[in-house]
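Presented below is the structure to which this report refers.
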Amino acid sequence: MEKRAIFHSKWLGIAFIVPQLVLIFTFFYWPAGQALFWAFTLQRPWGGGNDWVGLANFAAVFSDPVYWNSVILSLVFAGLSTVLSMGSALGLALLVDRELAGHRVYRTVLVWPYAIAAPALGLAFRFIMAPDAGLLSFVNHIWPGIWDPTINGYEAMAAIIFAFAWKFVGYNFIFMLAALQAIPRSLIEAAAMDGAKFLRRARDIQVPLLTPTLFFLLVLNITDSFQDSFGIVDIMTEGGPARATELMVYKIYFDGFKGLDYSGAAAQSIVLMLLVIGLTFVQFRFLERRVHYK
């Protein structure tokens with residue numbers, strides 16, 4: 001018979017929940033409240049308080065072409081990195097699910113990249129992608145000048161997209177492999193007996209049954225691409241060259257902490273939050289209907 005723990009004092013339950021509430025208030029509600037305050041006010045030139053300016057900060061943000069460039073770059077980054085990471089993870093999960101030789105090693109090793117902090121990952125890929133001394137420098141010895149993300153914006157964007165996607169491949173792989181292994185083997189065996197090859201079984205049986213997991217990972221990957229990309233951009237490119245990799249999250253940092261435009265940066269953070277909420281709503285409104293729940 002299952003035994004249940006019963007606490008006779010309500011203060012014990014409150015004691016358990018208070019630390020969590022303090023952390024949430026300190027690191028979420030308080031900063032969010034401060035951002036809202038800064039977004040609608042403007043600090044006086046010599047200190048002494050803030051003046052209410054309403055939507056003036058948002059008007060300044062939306063009239064800045066540099067800001068719109070960061071929005072476009074962020075959308076491109078989110079789309080390409082999500083497709084690359086989820087596509088790679090799906091391919092790896094399908095191969096490991098077939099229990100190829102060494103599948104236990106693959107299943108363990110592919111999880112590790114997600115545990116790496118974004119700044120450490122950015123530092124590693126900054127060396128790998130370096131045009132003069134990195135692991136890719138050999139291409140410049142074959143074709144001089146063909147690879148140089150320090151001066152070519154498209155190559156710099158490709159570098160941070162690849163680095164971010166590499167980090168999330170392991171995370172996506174875990175969920176996809178778990179979902180694949182939950183599919184009844186009898187379905188796969190029946191399809192194989194009917195003559196369906198590996199790619200046909202994946203397209204007609206496995207991927208449709210994976211749609212709940214794929215939808216969940218899609219929402220998560222897009223959300224993280226807007227929020228968790230700062231460390232990689234800051235270490236690898238610092239938003240350059242010529243603002244070619246200045247994503248929205250990095251522009252908030254640059255304007256707020258380097259340009260000391262706290263009000264403008266706060267307004268940008270509110271816009272970023274609303275953009276993420278809007279994209280999540282669109283995904284649930286228009287994409288979830290294509291999900292096949294068991």
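A few comments on the model shown:
- Assuming charge only on the beta carbon of Lys and Arg (+1) and of Asp and Glu (-1), the dipole of region 189-272 about its Cα centre is about 300 debye to the nearest 20.
- Dimensions of region 94-183 along the principal axes, based on C-alpha atoms and rounded to the nearest Å, stand at 49, 27, 19, largest first.
- In terms of packing, defined here as the mean over residues of other Cβ atoms within 10 angstrom, the peptides 216-225, 263-272 line up highest first as 263-272, 216-225.
- Theoretical ellipticity at 222 nm over the chain - DSSP helices of four or more residues, -39500 (n - 2.57) apiece, nearest 500: -19500 deg cm²/dmol
- Distance in nm between pseudo-label sites at F257 and L55 (7 Å out along the Cβ direction from Cα): 3.1
- Mean Cβ count within 10 Å, highest first, over the residues of peptides 197-206, 135-144, 232-241, 71-80: 232-241, 71-80, 197-206, 135-144
- Only helices reaching 27 angstrom along their own axis (Cα) with mean Kyte-Doolittle hydropathy no lower than 0.5 count here, and for the DSSP H runs of the chain these are 65-97, 153-181, 262-282.
- Comparing L217, G240, M157 along the charge dipole axis of region 156-240, the residue lying farthest to the positive side is L217, per the Cβ-charge model.
- Each pair of Cα atoms in the chain enters the Kirkwood radius, and Stokes-Einstein at 10 °C and 1.306 mPa s then converts it into a translational diffusion coefficient of 71 µm²/s.
- Note on region 111-223: with neighbouring protein chains present and a 1.4 Å probe, carbon and sulfur make up 71 percent of its accessible heavy-atom surface.
- Each semi-axis of the equivalent ellipsoid for region 110-251 is √(5λ) with λ an eigenvalue of the Cα gyration tensor; in descending order they amount to 37, 19, 13 Å.
- Region 139-196 and region 222-272: distance between their alpha carbon centers, rounded to Å: 26
- Using Cβ point charges alone (K and R +1, D and E -1), the dipole size of the chain about the Cα centre works out to roughly 1100 debye.
- Multiplying the residue separation of I14 and R185 by 0.36 nm and subtracting their alpha-carbon distance yields 56.9 nm.
- Per residue accessible area in Å² of the chain, where ligands, DNA and RNA are left out and the probe is 1.4 Å: 61
- Net length gained if the chain between L136 and L199 were fully extended (0.36 nm per residue, minus Cα distance): 19.4 nm
- Three-way shape call for region 32-183 based on the alpha-carbon gyration tensor, with the a/c threshold at 1.5: oblate
- Inverse of mean 1/r across different Cα pairs in region 204-283, Kirkwood, Å: 14.3
- Reachable aspartates and glutamates from K167, criterion Cα separation under 14 angstrom, eight or more residues apart if same chain: D224, D228
The values are calculated or read from the model by the stated rules, or taken from the named source; none is laboratory data. All values reported here derive from a predicted model rather than from experimental measurement. Note that each Cβ is placed from the backbone with ideal geometry, even for glycine, and that neighbours are counted across all protein chains shown. Keep in mind that these areas ignore ligands, DNA and RNA; they rest on the heavy atoms of the full protein, side chains included. Shrake-Rupley method; radii C 1.70, N 1.55, O 1.52, S 1.80 Å.
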